[in-house]
């Protein structure tokens with residue numbers, strides 16, 4: 001769970017920007033993209049080999 005704390009409660013844009021950075025750092029967006037479609041285990045192995 002990602003929690004964002006800001007000093008000014010009216011500054012929503014800043015909170016959203018901080019939240020997006022935290023999600024990217026955590027790897028949440030990458031995982032979300034990977035889970036969007038089903039990938040067979042053989043395809044996962046091929047992709048894992050290409051990443052290294």
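Which order results if 48, 5 are arranged by neighbouring Cβ count within 10 Å, fewest first?
Numbers: 48 9, 5 6.
Final ranking by Cβ density, sparse to dense: 5, 48.
Identify which of the listed values of Rg/Rh (Cα atoms, Kirkwood Rh) was calculated from the structure shown: (i) 1.04; (ii) 1.21; (iii) 1.17.
Read-out taken from this structure: (ii).
Among 40, 46, rank each residue by its count of other Cβ atoms within 10 Å, from fewest to most, as a rough exposure measure.
40, 46
Taking 0.36 nm per residue of separation and subtracting the Cα-Cα distance, what length does fully extending residue 19 through residue 44 add?
6.1 nm
Determine the calculated [θ] at 222 nm for the chain from helices alone, applying -39500 (n - 2.57) to every DSSP H run no shorter than 4 residues and normalising by the residue count; nearest 500 deg cm²/dmol.
-19000 deg cm²/dmol
Read the figures in this text as sums done on the coordinates, not as results from a lab. Just so it is clear, the model here is predicted, and its values are computed rather than measured. Glycine gets a Cβ as well: all are built from the backbone with ideal geometry, and neighbour counts include every protein chain shown.
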